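**Student:** Right, I'll just put the structure down here and ask away after.
The values are calculated or read from the model by the stated rules, or taken from the named source; none is laboratory data. Just so you know, these numbers come straight off a predicted model, no measurement behind them. So basically every Cβ, Gly included, is an ideal-geometry build from the backbone, and we count neighbours across all protein chains shown. Quick note on the areas: whole protein, heavy atoms, side chains included, nothing else; ligands and nucleic acids left out. Shrake-Rupley method; radii C 1.70, N 1.55, O 1.52, S 1.80 Å.
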Amino acid sequence: GVLTLSYITDKSRVSGSEPYNKTGRLIANYGALTLDGTTVLLGSDDVIADAVNVTIAAHLIIDSNSSVSLSSLDNLNNIVEVKGGTLNLNNFESTGLGRIVAEDGATGTVNVLGITTFANNDKVLSGNLNIGNGVDTSSLTITNATIGDAANVDIKTNSSLNLNSGTLTLNSGDSISGVLNIDSATANIDTGLNWTGDVSLVSGTLNLND
């Protein structure tokens, strides 16, 4: 069947008048799930697993200890905002009205597996961005997105970050164990970066800073 959730908020963290207040957990492991309405806030160990077919029409906020998995089989028609939980992306591409956002001050984690593309003004300004799991081959291609200086970027073994637009700065909080490919973009590498993998400059600019 299909479970549709419309305008869910956690009363303990969001004030206002809502149709109903969620204080328990959402555990979605299989089936179809539609997130509709204005805003859906997940927290308190909520889970949306990879096997669930998700349609996101509301502004989804991933907070607290919640975990959401999205893939190319899901329909993203609004913003998915990562505040304090975990977002797992597997063979995912942001298109249309959908995009991934982690604003300044966010403490959440975005995990990338498979072939994933940020192409729709996505932004990870803070928190953690992990590319790959150290075993399986994975890649994140940046064609229209912003990765902030405050984000902790970890390009794991057997994985790559393909920077095809914009500017990326990697510093002491970041790690390259896989491959950073720079093409028509700018990368700044500062002192203190954990750099054991490869950096490939095809075109664009690479600045190595002391």
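**Student:** Any chance the stretch 185-203 includes a residue that's modelled with pLDDT under 95 and hydroxyl-bearing (Ser, Thr, Tyr)?
**Tutor:** Looking for residues that are modelled with pLDDT under 95 and hydroxyl-bearing (Ser, Thr, Tyr), one finds at least one in the stretch 185-203, hence yes.
**Student:** May I pose another question? Does Ser71 satisfy the condition of being open to solvent by less than 50 Å² (accessible area, probe 1.4 Å), polar (S, T, N, Q) and in contact with a Gly (Cβ under 6 Å, 6 or more places away or on another chain)?
**Tutor:** No.
**Student:** Additional query: Return yes when Thr34 is hydroxyl-bearing (Ser, Thr, Tyr), modelled with pLDDT under 90 and assigned to a strand (DSSP E or B) and no when it is not.
**Tutor:** So Thr34 does not fit the description; no.
**Student:** Continuing with the same structure: Just checking, how many residues over the stretch 46-64 are more than 16 Å from Ile100 (Cα to Cα), part of a loop (DSSP other than H, G, I, E, B) and at pLDDT 90 or above?
**Tutor:** Residues in the stretch 46-64 being more than 16 Å from Ile100 (Cα to Cα), part of a loop (DSSP other than H, G, I, E, B) and at pLDDT 90 or above: 5 in total.
**Student:** Which residues, counting only those in the stretch 100-116, are surrounded by fewer than 23 Cβ atoms within 10 Å (Cβ to Cβ) and either of a type in the set (S, T, N, Q) or modelled with pLDDT under 95 (or both)?
**Tutor:** Those that are surrounded by fewer than 23 Cβ atoms within 10 Å (Cβ to Cβ) and either of a type in the set (S, T, N, Q) or modelled with pLDDT under 95 (or both): Thr107, Thr109, Asn111.
**Student:** Please go through the stretch 124-141 and give me each residue that is under 12 Å from the mean Cα position of the chain (by Cα) and buried (at least 18 other Cβ atoms within 10 Å of the Cβ), ordered by number.
**Tutor:** Val124, Ser126, Gly127, Asn128, Leu129, Asn130, Ile131, Leu140
**Student:** I need the strands (runs of 3 or more DSSP E) fully contained in the stretch 136-194, keeping only those with at least 1 residues that are within 23 Å of Gly84 (Cβ to Cβ).
**Tutor:** 138-142, 145-147, 152-155
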